Amino acid sequence: MVKINRKPKEYRGRCGNCQAPLLKGARYCDQCGTKKGNGEFKPFENTIRILYGPPIKIIQHCEACNHKWLKAGIGVKKSSYCPKCNSPSIEMLEFSRWHYGEALGHYLEDNEPLQLFTEDEVNKILSLRKEYKNFQNRNEDYNAIHRFMNQNGFEEHAKELKDKILSNREAERINLSKKILMVVGNANALIANSVCPKCEGVIASQIKIEKKTKSPKANTLKDGEIYSLSEDYVNQDARKDDLMCLQCGHVFKNPTRGK
């Protein structure tokens with residue numbers, strides 16, 4: 001006897017009960033808890049809603065099975081159930097809004113190291129800044145940035161050029177490399193003997209925070225000048241004399257403040 005699959009093709013990658021998209025490798029729907037492959041598969045209107053607003057990044061953790069997962073995109077919702085074990089005992093690890101020009105990762109890798117770049121990689125990106133200043137309209141021409149970085153050995157930029165799915169780590173490497181090129185000052189802005197409390201990185205740059213959406217043009221940088229860092233790039237508690245770790249992107253208190 002031949003078993004006929006009666007699931008409508010519109011349900012590919014969706015929950016058979018609530019029609020929510022299933023996460024990669026999920027055993028259960030993270031919205032309603034229905035097991036993958038189960039449900040009534042009722043007809044529904046498979047349409048794309050027009051949404052406005054920045055992309056959202058959500059990382060959650062299951063307290064029952066220790067699973068961590070990432071949801072990213074415009075209009076994504078937080079999970080109510082663990083997609084691996086179906087437990088409702090989950091906690092929010094990160095909720096952030098992404099800039100439109102930033103790369104967005106769609107899955108977590110196992111045992112991601114805190115440091116995105118080694119010291120040698122950071123120094124290489126800093127050495128590329130002189131050539132990078134020659135870019136025109138650098139805030140808009142992201143493809144030129146990705147081609148430039150890929151040609152200099154940072155291969156995750158090639159995946160972004162081809163619109164391939166990125167891991168969270170790959171996306172954060174892309175975004176931090178652009179920050180180093182675009183908003184971090186020259187060597188005079190680097191702070192010696194400062195250790196990042198998050199990743200223990202040893203290369204940090206002083207920042208100043210201003211209420212504006214665009215960074216200064218690279219060709220206007222003067223010797224000793226520190227690039228402004230838009231307030232959108234840092235948490236609300238950051239102060240203008242704080243430091244940004246160039247190995248993980250964490251913003252932290254300047255240890256020399258007040259001395």
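The values are calculated or read from the model by the stated rules, or taken from the named source; none is laboratory data. Quick caveat, the model's predicted, so the values are computed rather than measured. All Cβ positions, even for glycine, are placed from backbone atoms using ideal geometry, and neighbour counts span all protein chains on display. Remember, those area values only see protein heavy atoms, side chains included, never the ligands or the DNA or RNA. Shrake-Rupley method; radii C 1.70, N 1.55, O 1.52, S 1.80 Å.
One table, with the values for the structure above:
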item: Test: residue in the range 63-70 that is of a type outside the set (A, V, I, L, M), open to solvent by less than 30 Å² (accessible area, probe 1.4 Å) and either within 29 Å of Glu112 (Cβ to Cβ) or part of a strand (DSSP E or B) (or both); result: yes
item: Odd one out for Met92 among (1) assigned to a loop (DSSP other than H, G, I, E, B); (2) more than 14 Å from Arg173 (Cα to Cα); (3) aliphatic (A, V, I, L, M); result: (1)
item: Ile203 open to solvent by less than 10 Å² (accessible area, probe 1.4 Å), at pLDDT below 90 and either hydroxyl-bearing (Ser, Thr, Tyr) or on the phi < 0 side of the Ramachandran plot (or both); result: no
item: All positions within the range 95-117 that are closer than 23 Å to Ile145 by Cα, in a loop (DSSP other than H, G, I, E, B) and modelled with pLDDT under 95; result: Trp98, His99, Tyr100, Gly101, Glu102, Ala103, Leu104, Gly105, His106
item: Near pairs, Cβ below 8 angstrom, 6+ apart or cross-chain, from the range 51-77 (closer than 15 Å to Glu94 by Cα) to any residue that is part of a strand (DSSP E or B) and polar (S, T, N, Q); result: Ile56/Ser96; Lys57/Ser96; Lys68/Gln60; Trp69/Gln60; Lys71/Gln60
item: Filter result (more than 12 Å from Met244 (Cβ to Cβ) and either modelled with pLDDT of 80 or more or open to solvent by 30 Å² or more (accessible area, probe 1.4 Å) (or both)) within the range 169-191; result: Arg169, Glu170, Ala171, Glu172, Arg173, Ile174, Asn175, Ser177, Lys178, Asn186, Ala187, Asn188
